[in-house]
Structures are given as C-alpha cells and as structure tokens.
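Report on one structure; see the data block that follows.
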Amino acid sequence: MTDAVLLSDRQQILLGRLEDLATAIVQQRLPANVTEILGFGSFFRGDASPRDVDLLFRVADEQTEKYQRFIHILRAVREDVNFQVRHDRPVDAFLEVCKSGHDVTPVDDDERILFSEWLAPYSWSMLFPAAIYAGASWYDAANFTRRLMLKRFPKLNIVSYLRLSDDAENFGLRTGFVVSLWSNRSPAMRLNVLKLLSPVHTVEATLKDLRHLDQQIHLLRLHIAEIRSLIGALKTTRRNTSAISNSHTWYRNWMKRRKKKAILPSAYDTLIAADWLLRDDDYVDGAFFPTEEISYESEMPSIIRNAATKRRLVKELWKQLELGKDAARLLITLKSDVSDSPLTDYQYVLLELLNGRSEKVLEEKRQILRGFGIR
C-alpha cells in the first residue's frame, strides 16, 4: 500500500475550503474561539465525491477580544428599539453605531467589515428569538459561527461543538472514527488532511466505521425486538376506565403493580434502554486496526460497498426503532389515562402516526408498523 494521494476535483475544492477555514481561525475571523477542528464521515474515508465535510469544533470557554467588542456594540443595538424603526436589518443599525460612536469601544475599518459579515445573516427576529432558551443565548458565538460558515464555507458542516475537556470519541456520534485535522499545536491544515486522505489512513477509517456499523446493527436489532415485545404486552393490557385524581401518580403505581404481577415489563425502563443504550460510549471498544495488510486496489472496493450497504441498513433500523418507540409511548398513554375512545388500540396508534404525510412516507411507516404487529 502506498501513501500517494491523488485527489478528485471535488476533494480538492473541499480541501481548499478547509485551508481557508484554518486561515480564518488563525486570523481570528470567526466568532467562536476555535482551538481544534476534528472530522469524520465520507470525506475522511476517501470518498472521491463527498457531499460535504463533517466537522467538530473544539472551542475555548473564553471569548476572543474581537468577539467581546462585537457583542458590546450589538448590545447597544438591541437595547435601543429606535434602531428597529430606522433600519430594516440589524447590520445597518450596527454600522450606524460604529460610525457614531454611541458610547461603544471604537473599531477600525477591518473590524467593522468583519463584524458586519458576522451579523449580515441575521434579521431582527433572529436577534430577539421567542424561545426562552434561545433568547438567553442570543450572544452565543457558536450560533454566529454556524451561520457564517453556511455563507463563507459551504459544504463544511459543523455537526457539533466540543469543550476543551470533551472526549470526541465518546460524544454520542454515530461514527466509528474521529480524526484531528487542525489545532493550535498542528496548524498545517493541508499537510494534515493529505496525510488523513492517504490510503493507509482511509483504509483504517473505513474499517473502524465498518466495525462500528456492525455494533450498531446488532444493538439496534436487540432494541427493536424489545420494543416489539413491549408493544405485544401492551396490547393485552386493559385500559384504565376509572377517574384518577393524579395521572402521573396513578401511572407510577400502575406500573409497579404490573411489574410485580409479571404481566408487563417496565415500559419506562424499556423505553429508557432504547433511548440511552445506543450511545456510542456504551459500546465502542476502542480503535480497530486490521491485522493484515489490506490491498487498496483489490479488496477496498468491496469493503466500501459492504460499508455503504450496512450504513443504509443502520439508517433503516433507526427509523424502525424511533417509530416503534413512538407507537409504544402512544399505547402507554392510552392505557394509563382515562379513555373513552371507540378506536381499538392499534387504530388509535395508526391515526396518530399516519397523518399529514406524503403517500410514499405513509406507506413506509405502515410497513414498519406492520413489523411491530400494528396493522
């Protein structure tokens, strides 16, 4: 196996954008204080035609001085409602504040242009989000960075942000590998990426991903079987028909009685298991390296096809699991609360889950629900 790297046109384009991204970080032209860029997915498996590059940004807790100045000016814009009357866009109000001084720290021409670029994608409603959690974090550098990336660096996809102490390998990602392509200690983006795209590294990444897919398939099938069993048990459980003063208290007591009588497994425990036991950190068993040399030319094409087939299967199994959990939750609600619905249990589930969708999606859902015995 050689280390020669011959990139496709698509790979060259994306590599160029990664280099531009590294330059922007070094020059502090991103809102977030990025200390490391990690990646995973098809680009780092050596796919010649990747749709995008999946990235993780590791960020420091402290903000850069530039971003602090930006937020200081933006607070002045937010606090004066008259700006919303005079300007259609926040960026125009921002430039007015920069020009007039308006009791804010002066900025030079370069920073004024940079800050305008950060704020350009935002409308007034985006600066004043209705949701409480969003309103409390409107100044989060990650939000400004994500929107800037969409405009400046298309197809470089920020999947998530990591703190300095976070372990990328155990961050709940559905992938078998994560690689570091840039950091303050290793800033040569082009050299790092070319090394990661060499055959020896793409083979290693593909085999790790294949191993991870096998693990996911095994566990997904186990949990789908658990949900199928739960739905079957719920089918034979009678509905509650008496008035209850506190539905939550009644439900907990009802579950205890059922569990004691061994008629019904704990629905709560089963659903929690299906939600949480599939996290990567519960079953990833470390790096997987081939014990024998892999022939890139002869063996890798079949390995790549095998991985692609399993990736599609994992996607389908996740759909089955999520829809099965939705059906189980509906049945638990129906059984736990007072209900005078004339519909049968399964009619009730089908009515709730099969509406407002295209016929193709509806038929796909019907087929999945039949697999759980719901028809």
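Being under 21 Å from the mean Cα position of the chain (by Cα), more than 23 Å from LEU164 (Cβ to Cβ) and crowded, with 22+ Cβ neighbours inside 10 Å is true for just one of ARG45, ARG51. Which residue is that? Quick ask: steps written out before the conclusion?
Numbers: ARG51 fails: crowded, with 22+ Cβ neighbours inside 10 Å.
One residue alone meets the criteria, ARG45.
Scanning region 130-172 for residues that are small (Gly, Ala, Ser) and at pLDDT 80 or above, which turns out nearest to the chain's Cα centre (by Cα)? Per the criteria, the residue is SER160.
Of everything in region 197-210, what is touching a Phe, Trp or Tyr at 6+ places or on another chain (Cβ under 6 Å) and within 20 Å of ILE13 (Cα to Cα)? Give them in sequence order. Residue satisfying the conditions is PRO199 alone.
If you check LEU15 against the conditions, is it crowded, with 16+ Cβ neighbours inside 10 Å, of a type in the set (A, V, I, L, M), in a strand (DSSP E or B) and touching a helix residue (DSSP H, G or I) at 6+ places or on another chain (Cβ under 6 Å)? Give the steps one after another, and end with the answer.
Values: crowded, with 16+ Cβ neighbours inside 10 Å: yes; of a type in the set (A, V, I, L, M): yes; in a strand (DSSP E or B): no; touching a helix residue (DSSP H, G or I) at 6+ places or on another chain (Cβ under 6 Å): yes.
No: the conditions fail for LEU15.
Taking first residues from region 3-14 that are modelled with pLDDT of 95 or more and partners that are of a type in the set (Phe, Trp, Tyr), the Cβ contacts under 9 Å between residues at least 6 apart in sequence or on separate chains come to GLN11/PHE43; LEU14/PHE43. Restricting attention to region 341-375, the residues that are part of a loop (DSSP other than H, G, I, E, B), farther than 13 Å from GLY324 by Cβ and touching a residue at least 24 places away in the same chain (Cβ under 8 Å) total 1.
I'd like to check something: does region 125-137 contain any residue that is farther than 30 Å from LEU181 by Cβ, in contact with a helix residue (DSSP H, G or I) (Cβ under 6 Å, 6 or more places away or on another chain), among the aromatic types (Phe, Trp, Tyr) and without any contact (Cβ under 8 Å) to a residue 40 or more places away in the chain? Spell out the reasoning first.
We begin by selecting, within region 125-137, every residue farther than 30 Å from LEU181 by Cβ; these are 125-136.
Then keep just the ones that are in contact with a helix residue (DSSP H, G or I) (Cβ under 6 Å, 6 or more places away or on another chain); that gives 127, 129.
From what is left, the residues that are among the aromatic types (Phe, Trp, Tyr) are none.
No: region 125-137 contains no residue that is farther than 30 Å from LEU181 by Cβ, in contact with a helix residue (DSSP H, G or I) (Cβ under 6 Å, 6 or more places away or on another chain), among the aromatic types (Phe, Trp, Tyr) and without any contact (Cβ under 8 Å) to a residue 40 or more places away in the chain.
Here region 22-38 is the region considered, the condition is being of a type in the set (Gly, Ala, Ser) and surrounded by fewer than 23 Cβ atoms within 10 Å (Cβ to Cβ), and the residue that is farthest from the chain's Cα centre (by Cα) is ALA24.
The residues on offer are LEU331, LEU350, LEU369, LEU354, and the sole one that is surrounded by 13 or more Cβ atoms within 10 Å (Cβ to Cβ), at pLDDT 85 or above, closer than 21 Å to HIS223 by Cα and over 25 Å from the mean Cα position of the chain (by Cα) is LEU369.
At pLDDT below 55 and aliphatic (A, V, I, L, M) - does that describe any residue in region 226-240? Within region 226-240, none of the residues are at pLDDT below 55 and aliphatic (A, V, I, L, M). Under 23 Å from the mean Cα position of the chain (by Cα) and more than 22 Å from MET300 (Cβ to Cβ), is that true of LEU207? Criteria not met by LEU207.
Of everything in region 71-119 that's in a loop (DSSP other than H, G, I, E, B) and aliphatic (A, V, I, L, M), which residue is nearest to ALA24 (Cα to Cα)?
At the first step, the residues of region 71-119 found to be in a loop (DSSP other than H, G, I, E, B) are 80-81, 87-89, 101-108.
Retained after the next criterion (residues that are aliphatic (A, V, I, L, M)): 81, 104, 107.
On the way: VAL81: 33, VAL104: 25, VAL107: 19 Å.
Residue satisfying both the conditions and the ranking: VAL107.
Residues that are more than 33 Å from the chain's Cα centre (by Cα) and among the small types (Gly, Ala, Ser) were ranked within region 88-129; the one that is nearest to ASP140 (Cα to Cα) is ALA93. Filtering region 211-233 to residues that are surrounded by 19 or more Cβ atoms within 10 Å (Cβ to Cβ) and either closer than 19 Å to LEU14 by Cβ or of a type in the set (A, V, I, L, M) (or both) leaves LEU213, LEU220, ILE224, ILE227, LEU230, ILE231.
Return yes or no: is GLN68 over 23 Å from LYS151 (Cα atoms) and surrounded by 11 or more Cβ atoms within 10 Å (Cβ to Cβ)?
When the stated conditions are applied, GLN68 does not pass them.
The values are calculated or read from the model by the stated rules, or taken from the named source; none is laboratory data. These numbers were taken from a predicted model, which means no experiment stands behind them. Note that we place each Cβ from the backbone using ideal geometry, even for glycine, and neighbour counts take in every protein chain shown.
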